[in-house]
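The values are calculated or read from the model by the stated rules, or taken from the named source; none is laboratory data. Since we're looking at a predicted model, the values are computed, not measured. Note that we place each Cβ from the backbone using ideal geometry, even for glycine, and neighbour counts take in every protein chain shown. All accessible areas refer to the heavy atoms of the entire protein, side chains included, with ligands and DNA or RNA removed. Shrake-Rupley method; radii C 1.70, N 1.55, O 1.52, S 1.80 Å.
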Amino acid sequence: MSLHTGDRLAAFWNVLISMRLAVHLLLFVAIASIVGTILPQQESVGNYLQQFGPFWYQVFGNLDLYDVYRCGWYMGIVAFLVLSTTSCVARNTPHMLRDMFRRDTGFNARTIDSRPVHHEVSVAGSAAIVYEKAVVLLKDEGYRVKRVPALDDTLLLAAQKGRYYRFGYIFTHVAIILFCAGALYNANIPLKIAQWTGAVKPEQDFALPLSKVPKDRWLSPNQLSFRGIITIPVGQSVNAMFELVGDGFLVQRLPFVVRLDSFRVTHYRDGLAKDYVSKVTVLKPDGRVLVTHDVRVNHPLTVDGVNIYQSSYNAGPSTLHLMSYSLLAPAASGVRIRARVGQSFVTGAGAYDLKVVALKVDNVVPRKSVGLAARPGHEMVNLGPMARYTVAQHGRPPIVLKTFLHPLHHGGLAYELVAYRPEDADGFHFLALPVGAKGGVSLFVHYLGALENAARHGAVASSTVFQRTLTRLEQRRGVYLPGEQNRMFLRASLVALQSLHTYPLPFLVLMRGLSLHWAAGLEMTKYPGMSIVYFACALLVGGIFVLFYVPRKRIWLAVGKEPFGRTKIIAGGDTSRDIEDFSQQFGEILEKLAGGEQDRTQERRRS
């Protein structure tokens, strides 16, 4: 090896073990961990696009911020931190151990004089008595005392407390190494290498059902670690889950089968979800039951090293019972439709494609947003199940609709709410359709048809015509609205008719019923490195405690004879931290040793 190469290696070694490098690496890891905590990890592409928009989604994706703890640059920083910290520990630990277990026998008066804290004291009494008194006193103060062979006529003594303080350094640095090792273990590096080399390619088509996903996208149940999600309808079982990887996914086989037996959700008085619980049964592949247990938020079930968390819930498998009314022919009867989330159907005389996008069972909104007065402690109201649709017509931008199962009661009258907006707009507009005597909006729709019919026969809009038309409609349909109820329904109908002028569709779709079936979203993780991380936490706490509360304190004494039966004490000491406090304690020990009678000839403390 040339001298030039040796210099380069020495320079690299000095950089590797430097404190500056370690601090910078720890800072980078901390910043990345903050980003990984704030930014939701391993969620669907749609969620990120909706939250950040296309531009920032692309920027964050290029930086691998959607899977920070398993991306290449993060693992590289962590691996380099392991290398740097391990090098420091390997370099410093041997001489630290020698320092902790070394016996201080080779010292003299000159050595004592070089200590940061130094005193010289003259006391009455023989040297032997003062020496023995010093031994007893230092032991009472918690020091480990070592008698050193006499030098000429001078008696020597070395005392030490907190000799194992160096373990604080060792424990904290080893804890950092174990933290990083656990993180790398949980990152499943072999899988990441397979992805980088192209041996494993994520599936991009999120619309594929589990049974249709190609087998080369499936992972073995023996993976070192994994984290994925799966939605299970009540009564069904799964033996795999989806692990989101970049803008695609892989299918992770599970070492067991999970069956969702039941699901329940409880609410606060204002309608907000209080608790939701999944009762799951975990079975072996041969069908034998391993465990049946409730899984709730923050109370996971652990089976064979896999943690099963309650993550979310939805009513996706439910069946919606809808009613479609034509506004172009309001006198016609409504059309009944049965649909599930994700299904599409044609409506509006075949000109519109309507797709059920989502079903939200609990729709909690501020009371003021729907015109209700706020009550003390009850500022929110649960509007109940809400369905969201997209309506597409060739050559026109899609329309987003929202309808509610239960009517809203306000001012003594019930209303069916319909929310709508263009897909590229932000805020919703609302229709408030009055509910008739027999429920539903059929009376309002037929009233709309009756008014159109009256207009075709030459009737002119007036309060008399409005009232007469409603009265005839009530008689024809066999319904009766009492006086005040009749007037409120009439006013609400006229307001709704005015609102229909800005409504962009020629039909209404309303929820008439719901066959509710729950599905639970479960998150399953296998992180064997967490046991290493937990041990590292304990080691770090212990190391910090030793560093802050177990300082090393050393005292050396040289006790010699003086004329007239007196004894001279030369004392020196040092400490690993808080020299001011130690200096005070050191002086108190000498005062006790002198027994209140002393002639301090010299007192000095070096900084």
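Just a few scattered comments:
- Candidate set: the stretch 312-326, residues that are among the hydroxyl-bearing types (Ser, Thr, Tyr) and closer than 30 Å to Ala450 by Cβ; chosen: the one surrounded by the fewest Cβ atoms within 10 Å (Cβ to Cβ): Ser324
- Number of positions in the stretch 292-337 that are under 27 Å from the mean Cα position of the chain (by Cα) and not acidic (Asp, Glu): 23
- Qualifying residue in the stretch 185-206 (condition: farther than 21 Å from Tyr66 by Cα and either in contact (Cβ under 8 Å) with a residue 24 or more places away in the chain or within 26 Å of the chain's Cα centre (by Cα) (or both)): no
- Meets criteria (assigned to a strand (DSSP E or B) and touching a residue at least 12 places away in the same chain (Cβ under 8 Å)) for Val257: yes
- Pairs where the first residue, in the stretch 9-26, is under 13 Å from Cys88 (Cα atoms) and without any contact (Cβ under 8 Å) to a residue 24 or more places away in the chain and the second is open to solvent by 80 Å² or more (accessible area, probe 1.4 Å) and assigned to a helix (DSSP H, G or I), C-beta under 6 Å, 6+ apart: none
- Selection count where residues are assigned to a strand (DSSP E or B), touching a residue at least 24 places away in the same chain (Cβ under 8 Å) and either open to solvent by less than 20 Å² (accessible area, probe 1.4 Å) or not assigned by the TED database to the domain that holds Asn453 (or both), scope the stretch 327-348: 1
- Odd one out for Gln42, checked against (1) at pLDDT below 85; (2) under 17 Å from Cys180 (Cβ atoms); (3) not hydrophobic (A, V, I, L, M, F, W, C): (2)
- Close pairs (9 angstrom Cβ cut-off, 6 or more residues apart or separate chains): more than 16 Å from Phe586 (Cβ to Cβ) in the stretch 139-154, part of a strand (DSSP E or B) and open to solvent by 80 Å² or more (accessible area, probe 1.4 Å) anywhere: Asp153/Lys561; Thr154/Lys561
- Flag for Ala351 being assigned by the TED database to the domain that holds Leu433 and closer than 30 Å to Ala454 by Cα: yes
- In the condition set (1) open to solvent by 40 Å² or more (accessible area, probe 1.4 Å); (2) at pLDDT below 85; (3) over 28 Å from Thr319 (Cβ atoms); (4) not hydroxyl-bearing (Ser, Thr, Tyr), Lys438 is compliant with all but (3).
- Residue within the stretch 110-121 that is assigned by the TED database to the domain that holds Glu588, among the β-branched types (Val, Ile, Thr), closer than 25 Å to Lys161 by Cα and in contact with a Ser or Thr (Cβ under 9 Å, 6 or more places away or on another chain) present: yes
- Enumeration of residues in the stretch 407-420 that are surrounded by fewer than 16 Cβ atoms within 10 Å (Cβ to Cβ) and either of a type in the set (D, E, K, R) or assigned to a loop (DSSP other than H, G, I, E, B) (or both): Gly411, Gly412
- Residues (under 18 Å from Ile399 (Cβ atoms) and open to solvent by 50 Å² or more (accessible area, probe 1.4 Å)) located in the stretch 354-374: Lys355, Val357
- Of everything listed in (1) more than 26 Å from Met380 (Cβ to Cβ); (2) at pLDDT 85 or above; (3) in contact with a strand residue (DSSP E or B) (Cβ under 6 Å, 6 or more places away or on another chain), the single unmet condition for Pro317 is (2).
- Checking Asp99 against (1) charged (D, E, K, R); (2) outside any helix (DSSP H, G or I); (3) in contact with a helix residue (DSSP H, G or I) (Cβ under 8 Å, 6 or more places away or on another chain), the condition it does not meet: (2)
- Number of positions in the stretch 142-175 that are of a type in the set (D, E, K, R) and in a loop (DSSP other than H, G, I, E, B): 3
- Of all residues making up the stretch 206-223, the number that are of a type outside the set (S, T, N, Q) and open to solvent by 70 Å² or more (accessible area, probe 1.4 Å): 5
Okay, residues lined up against (1) at pLDDT 90 or above; (2) among the polar types (S, T, N, Q); (3) under 30 Å from Ala351 (Cα atoms); (4) part of a helix (DSSP H, G or I):
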site	(1), (2), (3), (4)
Val381	no, no, no, no
Ala387	yes, no, yes, no
Val391	yes, no, yes, no
Thr403	yes, yes, yes, no
Asp426	no, no, yes, no
Leu433	yes, no, yes, no
Glu452	no, no, yes, yes
Gly458	no, no, no, no
Thr471	no, yes, no, yes
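- Residue satisfying all of: in the stretch 288-321; among the small types (Gly, Ala, Ser) and outside any strand (DSSP E or B); farthest from Pro255 (Cα to Cα) among these: Ser318
- Top-ranked residue of the stretch 380-400 - restricted to ones that are aliphatic (A, V, I, L, M) and within 19 Å of Asn314 (Cβ to Cβ), ranked as surrounded by the fewest Cβ atoms within 10 Å (Cβ to Cβ): Val400
- So Ala351, is it in contact (Cβ under 8 Å) with a residue 40 or more places away in the chain and loosely packed, with under 14 Cβ neighbours inside 10 Å: yes
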